[in-house]
There are 2 protein chains.
Amino acid sequence: MNRSRNRDEEREPGQVTRLFVAPALAADAEIELDEEATHYLRHVLRLEAGDRVGLFNGRDGEWSAEILGLSKRATRLALREQTRAQKAEPDLWLVFAPIKRQRIDILAEKATELGVTALLPVFTQRTVMTRVNLDRLAAHAKEAAEQTERLTVPVIREPQSLDKMLQTWPQKRRLLLCAEAGPARPLVDALAELTRGRDVRNRNESWAIMTGPEGGFTPSELDALGKLPFVTPVGLGPRILRADTAAIAALACWQALVGDGRDRPPSR
Amino acid sequence: MNRSRNRDEEREPGQVTRLFVAPALAADAEIELDEEATHYLRHVLRLEAGDRVGLFNGRDGEWSAEILGLSKRATRLALREQTRAQKAEPDLWLVFAPIKRQRIDILAEKATELGVTALLPVFTQRTVMTRVNLDRLAAHAKEAAEQTERLTVPVIREPQSLDKMLQTWPQKRRLLLCAEAGPARPLVDALAELTRGRDVRNRNESWAIMTGPEGGFTPSELDALGKLPFVTPVGLGPRILRADTAAIAALACWQALVGDGRDRPPSR
């Protein structure tokens, strides 16, 4: 995916350009960016030697880096100071049946903005899509992370069948199953009960939200999932939500209620 | 906007086609649909005389109707029985600064799925868009309402300036201002406080959620809004959300916490 030419219209005035990079980030380090990033810095943002950008790699916090030079193929940068320290994030996976192209793009972007730590595509009985473009999902996730002030980018897992995923599911990770049919508790009530008596902002817990394909889960899938000890079926209200909307709504509520919804964005 | 050819792939097996129509719906009534609806029924859904569809108009509940005949230009239907009664909905407006085309489409669709009763475009200081295609927004809202089991379609208001809108704001309607900067309480805490001691599912209350354009509200807008007695600035967590994501997240949390999030979809 090409970086959007419009990206920079979407910045607040004065907002710094943030790039997710692979190398270690530390005081006085110099790093080099590849051709794609260079093209973006030169021709979209029109940056030049002496300009500053923010860098993060998911491990070493965020750093202010000065552009030393841009060639046609590469950009050299020198790290100046750490602007934010890395910190723990709520551990929330999104397990989702692959949906059609535009909607899976929306899903990857919004899920990243809403702080998921991993995206796990899973093939269910009614899943129409037979393959998932993981590079495309990763590109959307990276761009959303850069824009959203995150210090991490979600991991994108290889797609697998629902059965296979459940066989290796980490039993301590609570799986909230978004279920439009069958028995389910309202998401708010389920979260209140699951976290009763504990610090709801305890970041050492592992959670996941699962949503189905366009046609929903089959009755037999809902039945089998409902019997698993780590699964809690939850309801999202009286309207039948599209697959992407259901995922976004559940992630937003989870972050607001038991994730980091009480934190504020970093001030610039 | 043309109806999507893919719409019907997105139905659950057995799900009925639902259409939003203008005429009154009552026992034994016959109604006629226009050319666009007829094209959709004939050539996309491939329905014929004798087939059933669901109809709703925002006032008379949902009715099962039998197709009496389809010509090239019109469809005649006879109403058979009421399948759901009209009922009150939570009264929630979305006030939003117009954003770019693809994102405003997403916003109209998702806001409708999440049950807003009105969409109010408002021009703020950093709004880049200078006009809003209201027909396009209305078409997205109608299609989303048809798909999502709603019995209403949100009203789309004429765009106006923020100042003008505030001058005529109904003082009893609480406006939750999604604010990424400046003082703001977490949405969950603000809602808990605003509804303390009352039945949170009281449907007679009026609420609104407001989101800014791509570049956010200006400090002076946030300052002025924060002084209004009907405004409560709210925070949506530590990540800077895109304008459409912020609206969707806030709407989802509002419905889950003080709207109809505890209801279940109608069973078919």
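Read-outs: derived from the displayed coordinates by stated rules, not from any lab. What you see is a predicted model, and the numbers here were worked out from it, not measured in a lab. So basically every Cβ, Gly included, is an ideal-geometry build from the backbone, and we count neighbours across all protein chains shown.
Here are some notes:
- Neighbour-limited loop hits for trypsin sites (Lys or Arg not before Pro), the range A:209-244 (at most 11 other Cβ within 10 Å; DSSP other than H, G, I, E, B): A:Lys227
- Computed FRET value (nearest 0.05) for A:Val44 with A:Ser267, which takes r as the C-beta separation and R₀ as 25 Å: 0.45
- Antiparallel content of DSSP bridges confined to chain B, in %, to 5: 40
- Alpha-carbon centroid distance for the pair the range A:208-268 / the range A:138-172, whole angstrom: 15
- Cβ-vector label at 7 Å, A:Glu158, separations to other copies in nm: 6.0
- The alpha carbons of the range A:22-178 stretch over 54, 31, 20 Å along the principal axes, in descending order.
- Acute angle (nearest 10 degrees) that the helix A:101-113 long axis makes with the longest principal axis of chain A, alpha-carbon atoms: 70
- Assigned charges on the beta-carbon of Lys, Arg, Asp, Glu; the range B:12-84 dipole about Cα centre (debye): 140
- Residue-averaged 222 nm ellipticity for the protein assembly as shown, from DSSP H runs of 4+ at -39500 (n - 2.57), nearest 500: -7500 deg cm²/dmol
- Estimated inter-spin distance, B:Ala26 and B:Ser161, nm [label 7 Å along Cα→Cβ]: 4.7
- Calculated SAXS-style log₁₀ I(q)/I(0) at q = 0.14, 0.15, 0.17 Å⁻¹ - chain A, Debye, Cα scatterers: -0.98, -1.08, -1.28
- Cα-based convex hull, the range B:139-268, per residue volume (Å³, whole number): 139
- Evaluated with a Cβ-only charge set (Lys, Arg +1; Asp, Glu -1), chain A carries a dipole of roughly 440 debye about its Cα centre, given to the nearest 20.
- In the distance distribution for the range B:82-164, Cα-Cα pairs more than 21 Å apart total 28 percent.
- Convex hull of Cα atoms in the range B:12-84, direction-averaged projection (nm²): 4.6
- Normalised size of the protein assembly as shown, defined as Cα radius of gyration per 2.2 N^0.38 Å with N residues, equals 1.00.
- Among beta bridges identified by DSSP and lying wholly in the protein assembly as shown, the antiparallel ones come to about 40 percent.
- Rounded tilt (10° steps) of B:243-258 against the dominant C-alpha axis of chain B: 80
- Per DSSP, loop trypsin sites (Lys or Arg not before Pro) in the range B:70-144 with at most 15 further Cβ within 10 Å: B:Lys72, B:Arg73, B:Lys87, B:Arg131
- Among B:Ala88, B:Thr148, B:Leu257 - extreme Cα towards positive end, dipole of chain B, charges at beta-carbon: B:Leu257
- Lys/Arg +1, Asp/Glu -1 at C-beta; the range B:91-258 dipole; positive extreme among B:Leu236, B:Ala138, B:Ala190: B:Ala190
- Alpha-carbon centroids, the range B:176-192 and the range A:98-116: separation in whole Å: 25
- Rounded to the nearest 20 debye, the dipole size of the protein assembly as shown about its Cα centre is 240 debye, using +1 on the Cβ of Lys and Arg and -1 on the Cβ of Asp and Glu.
- For chain B, the longest principal axis of the C-alpha atoms and the axis of helix B:134-147 are separated by about 60°.
- Rounded, prolate or oblate (a/c below 1.5 giving rounded, otherwise prolate when a/b exceeds b/c) for the range B:203-263 by Cα gyration tensor: oblate
- Extension gain, B:Val128-B:Thr218: 0.36 nm per intervening residue step, less the Cα-Cα distance, totals 31.1 nm.
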